[in-house]
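The values are calculated or read from the model by the stated rules, or taken from the named source; none is laboratory data. Here the structure is a predicted model, which means the values were calculated and not measured. Cβ: placed from backbone, ideal geometry, glycine included. Neighbour counts: every protein chain shown.
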Amino acid sequence: MGILNTTPDSFSDGGAYRAVGDAVAAGLAMAAEGADIVDVGGESTQPGAPDVPPAIEQARILPVVRELARQGVLISVDTRNASTMAAALDAGAMIVNDVSALVHDPAAAPLVARRGCPVVLMHMRGGPTTMQARAVYSDVVAEVATELRARLADAEHAGIRRDAIAIDPGVGFAKDAAQSVAILRGLPGLAALGCPLLVGVSRKSFIGAVGRVPDAQGRLPGSLAAALFALSRGASILRVHDVAATVQAIRVWTALAGAADQPA
């Protein structure tokens, strides 16, 4: 899953794709480089980011979604707002990716159920302005699993099919660097919830902390290392900024892992 932010303030690529033509070109390039899904978002949800009105969010993303879908790109819409979900699905998006796990907007879960589309439920506590203050856990893996299990139950109660749901442990969302590392180590326990795991580690702050790289643009090596580790621990989908580099790394890792499984 390639990350396509049409925002002015996303932590790594804010402002890079605010023009529709630039965003469409970037999305097409991601698809050509091997992204199976392009995730289009119009609201930054990094720690401290302000809420964006749905009308502004939609103005940013809908022309991009419409054109990429017209050209055959599989689109997910990265949004917490039901009206934006509906508008993006109408414009050709096929998947909803909600960092609030359908909690932020009470209309979101019923909408997804009616549309019958796949959905990604991500773990987060609070919202962008409050989540880091809520990064307090006795056992981060067990508590994230419990909270995701509750969100799964809510989604099913709303009428969303279990086989249409993927879960995202929310690396870096209401989690500090040590907690993010623990989450990645604990992915097999989260995979036991029975849904595909989407993991987003690309350029995240924990990579900066562990790798001692303050600039998000310099975190590609750490991002690749974390992505391959996530795959080895049960991730099914990787959400990334650097599609071509990640695809290459996966191909080599897969070939080596396959060779290691062969008898001598």
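Residue by residue, here is whether (1) under 24 Å from residue 63 (Cβ atoms); (2) small (Gly, Ala, Ser); (3) in contact (Cβ under 8 Å) with a residue 24 or more places away in the chain; (4) buried (at least 19 other Cβ atoms within 10 Å of the Cβ) holds:
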position: 87; (1), (2), (3), (4): yes, yes, yes, yes
position: 92; (1), (2), (3), (4): yes, yes, yes, yes
position: 97; (1), (2), (3), (4): yes, no, yes, yes
position: 107; (1), (2), (3), (4): yes, yes, yes, no
position: 116; (1), (2), (3), (4): no, yes, yes, no
position: 124; (1), (2), (3), (4): no, no, yes, yes
position: 131; (1), (2), (3), (4): no, no, yes, yes
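Here residue 19 clears all of (1) farther than 30 Å from residue 133 by Cα; (2) hydrophobic (A, V, I, L, M, F, W, C); (3) at pLDDT below 85; (4) touching a helix residue (DSSP H, G or I) at 6+ places or on another chain (Cβ under 8 Å) except the condition numbered (4).
Right, residue 179: touching a residue at least 12 places away in the same chain (Cβ under 8 Å), outside any loop (DSSP other than H, G, I, E, B) and in contact with a helix residue (DSSP H, G or I) (Cβ under 8 Å, 6 or more places away or on another chain) or not?
yes
Taking first residues from region 152-167 that are farther than 22 Å from residue 237 by Cα and touching a residue at least 40 places away in the same chain (Cβ under 8 Å) and partners that are surrounded by 12 or more Cβ atoms within 10 Å (Cβ to Cβ) and of a type outside the set (A, V, I, L, M), the Cβ contacts under 9 Å between residues at least 6 apart in sequence or on separate chains come to 158/110; 159/110; 159/114. For region 245-254, the condition holds for no residue, the condition being that it is under 25 Å from residue 135 (Cβ atoms) and crowded, with 19+ Cβ neighbours inside 10 Å.
Looking across region 182-199, just one residue is outside any helix (DSSP H, G or I) and in contact with a Gly (Cβ under 7 Å, 6 or more places away or on another chain), and that is 197.
If I ask for residues that are more than 15 Å from residue 165 (Cβ to Cβ), buried (at least 17 other Cβ atoms within 10 Å of the Cβ) and not β-branched (Val, Ile, Thr), which ones from region 187-215 would you list? Those that are more than 15 Å from residue 165 (Cβ to Cβ), buried (at least 17 other Cβ atoms within 10 Å of the Cβ) and not β-branched (Val, Ile, Thr): 187, 200, 202, 203, 204, 205, 206, 208.
For residues in region 216-232 being among the polar types (S, T, N, Q) and farther than 17 Å from residue 186 by Cβ, which is surrounded by the most Cβ atoms within 10 Å (Cβ to Cβ)? Outline the logic, then answer.
Our first condition is that a residue be among the polar types (S, T, N, Q); within region 216-232, this holds for 217, 223, 232.
From the residues that got through so far, the ones that are farther than 17 Å from residue 186 by Cβ too are 217, 223.
On the way: 217: 10, 223: 24.
Among those that are among the polar types (S, T, N, Q) and farther than 17 Å from residue 186 by Cβ, it is 223.
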